[in-house]
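The values are calculated or read from the model by the stated rules, or taken from the named source; none is laboratory data. These numbers were taken from a predicted model, which means no experiment stands behind them. Note: ideal-geometry Cβ built from the backbone for every residue, glycine included; neighbour counts use all protein chains shown. These area figures cover heavy atoms from the full protein model, side chains too; ligands, DNA and RNA do not enter into them. Shrake-Rupley method; radii C 1.70, N 1.55, O 1.52, S 1.80 Å.
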Amino acid sequence: MYVPRRFVGLASGENDDDCDANLEDIRRDAESAAFLRRSDNNVRIQEAARDYTFKAMKLIVADNENCLDRDIVLHWARTTHKRNRGLLSLPFSLAFFLIYSFCSSQHEDVANVYQVESGLRVALGKSVEHIKTLEDTWAWLNGTLFPVVFSQTDDAGRDIEDKNRWSRILSFNNVQGPLFLEQERSIKELCTDSTGIASDAYCFPDDSVDTASFGKNLVQLDENGTLNVVARITPPQATDYVFNTTQVTLENRTDLYNQPFHVVQENTGRRLRWIRPEYSDKLSGGEMSSGIKKSGVFRAVFPPNVRYPLIQERFNYMWENGWLDTQTKHISVRVLMLNDEFSRPRLQSYKLTLSNSRAGDIFAKLTLDTIFLESYSSMIGMAADGLFCLMLLVITIFEFAGVVSSLREGAFLKKVFTGWFVLEWAIIGVGWGVMLGYQYIAMLTGTVTTDMAEVTAARQQDYPAEFNTLGVDLHNSAGSVAYISAWHRLVVALYHLLLMFRFFVAFRAQPRLGVVINTLEACLIDIIHFFVILLPTFLAYAYAGIFVFGRRIEEFSNIRASIGLCFKIMTESEFDWPYLSEEHVLTSMIWAWTFMLFLSLVMLNLVLAIVLEVYSEQRKMAGKSESVMGTMVSCYTVARNYKRWVSTAVIIDRLTNMPRMISLEALLKEFPSMPDKQVKLLLAETQLLAANIHAGPEHMQHTMRMAMAMKVSMDEVTERIEMLDEGSEKVKVTGGPMWLAELSKELSAHNYGMLSLQWRLQQINWSWQAMEIAHGKAVPLGLSSGKGALPPTKSQEPAW
């Protein structure tokens, strides 16, 4: 039986004092050897020995500049090939993003739109926040809005005789078509409830629509064509209109004054003219009678070519006859203005909606939209659109070719569920949708231009307001364009965010930037699980805030506003404590303090902890990766030596046929044209990659396992040598002493492994000596750094 050399001295009686301890060691070693030599462990031990012996050889090769591991070189070549493709896509992605941003900025012209709309918001929205009652509404319309819209004097206060210069808001915005003053009404009915308590009171259901005519003491003409009551309706005068005064009668003017008290009956429009009336009733928005649609809207039309005293007279007539009352639900004011002072003519759509709350308050909403009457201000914008479409077409063709290739290979389903495939086709689909949306808006704008030309011609001819109905088509077509443009503008904005994810994919090609992207990707699952806990907690506080503060604070009056304010408090960690604690200080204190503790202090810091932990792990895995400046230098080096530079695809193709361990001479022989800079780069990158692969907290476990595998293999080799020396080993010889060659290979492999293990142990010895120099030889060495750490025993002291 083979006996290790450290037990030889025991047979001769040496070290008698330590005999008992050594005999115990012999017993344990014998039991371990017996366990390891069991038949069911032999195969597993031999496989582990071969595996970790090869790992030892790879460690030695990693420190040898003249020997390369083929797998590591292939890994480096594939990674570099993928990275080069990503680096090549980065300039294209950047150019694609910049061109799209330039195109959208040319179409939207946000800077000039802000200049125009900001002034109009101030002029046409002045003091609107002070409107609280229907009386305030009427006073604001009569005293603030109408004088601005129907301005008929110059800056010095002199009357302007030219009607084409009337109704200019802020001097440069010319009103196009009439002003629409509209309202929707609720039905007045007796209240109904299960108890009958309020059965003698009147209610105005907000979801009801009243289309019945109304009005108090409306003026009517008798059989002789005179007014039947005393009312102030000025008969048509010769100075009212320039060309058409003789056509207007008192009956026409009376009908115009009474028109707002009757529901609007509009034709269903050109697109619905072939629909039968019995089917048109099914459309939303009203009923049909003889092809006329009842919209439920009461409308007063104020053309800009009417003198302001007549406008004010008609306006007062509506107020005196109760045009606004408790049945009024919504009041809307619509005005269209043309501004031709910039590079492209634009139509400003103004809409103010005043909602009459059944609690007795008025809520206002002001909306301004810009409709560009021309698609491009210059050929630069058109060329930018063409270039963007060309780049989008290249991406479409490239991805379509990839789909065809995957279909031929039978890997289409596998490719469909990849993130890159979904992202690219989303970019393609939304990109073409954006460009088609611009074309569709341009087509609708042509209808607006046609309707506006008719309105302008009627104004130049001073067409009487009593007969003019052309403004309805203009407002309808402009409203459609404004509505579609608003949604299209949202898609244009979100497309920028979609292109941002393409940058993330391209940034991953750079190692240092890839650390950030990998961090976001790795922590995504943890953050999703975190939000599963955060969401019900956040919603609970949002709903609790509604019941605690919603009766007196507008920001907590509904769930959407409450969520917005809670999110603001959570992210900013600031709130108005005196405002919250005006009532029920104790309840407010419980809500505010627990909210800040759980959400602001705990939850948000947990998110930061998740991200920082994942980032530190990713940074450690990346090791000494290449910086952005290093990548730029590498690209410059490749560009300078592009004629002799061997592509990574060629390296991958040739390395697959080379042996596992490659010497530097063999590599240069396989690639004779490879420049010296590429050779140095390959050696440096592979050594760095090998160091990163073999580094980490699991490296010590690999070292111990390699030592164990080498011990078992050396025992087996020694036993075979002794059996050969004794002549008890039977060797099959076929064609020569093959056992000697196999034995030589095993000894060489173990020699390499033992050298690596010796180097690792020497490093530990140096670290131990450095620790003794720094802290002294009496420093306690326990299993932990906390209290209660045990001092090292004799068996734990290093044997070297």
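Of note:
- Average projection area in nm² (convex hull over Cα atoms of the range 318-379, one quarter of hull surface): 6.0
- Part-to-part distance (alpha-carbon centres) for the range 590-651 and the range 340-376, which is given in Å: 45
- Using a probe of 1.4 Å on the protein chains alone, the accessible area found for Y579 is around 80 Å².
- For G431, net neighbour charge (Lys/Arg +1, Asp/Glu -1) across residues whose Cβ lies under 15 Å away: -2
- Percent of Cα-Cα distances greater than 13 Å, calculated over the range 383-442: 65
- Residue order by solvent-accessible surface for R508, R619, R346 is R508, R619, R346, largest first, with ligands and nucleic acids left out and a 1.4 Å probe.
- Protein heavy-atom accessible surface, 1.4 Å probe, per residue over the range 309-453: 48 Å².
- Ordered from highest to lowest accessible area with the whole protein assembly present and a 1.4 Å probe, F150, F547, F504 read as F547, F504, F150.
- Only protein heavy atoms count here; on that basis, with a 1.4 Å probe, K415 has an accessible area of about 60 Å².
- Accessible surface, 1.4 Å probe, highest first, among residues Y100, Y483: Y483, Y100
- Put a dot 7 Å past the Cα of F342, heading toward its Cβ, do the same for T153, and the two dots end up 3.1 nm apart.
- The H on the amide N of V297, modeled in the peptide plane, is under 5 Å from the matching H of V264, each at least 5 residues off or on a different chain.
- Violating pairs (Cα-Cα greater than 19 angstrom) within the set K188/K216; K216/K365; K643/K680; K163/K351; K82/K415: K216/K365; K163/K351
- Directionally averaged projected area (convex hull, Cα atoms, the range 409-544), nm²: 16.8
- Applying the Kirkwood pairwise sum to the alpha-carbon positions of the range 100-213 produces a hydrodynamic radius of 18.7 angstrom.
- Over the range 298-343, volume per residue of the alpha carbon convex hull, in Å³: 101
- Percentage of interatomic Cα-Cα distances in the range 359-480 larger than 23 Å: 60
- On full extension, the segment bounded by L436 and V122 gains 109.6 nm, given 0.36 nm per residue less the C-alpha separation.
- Between A359 and F417, the FRET efficiency estimated from the beta carbon spacing at R0 = 56 angstrom works out to 0.60.
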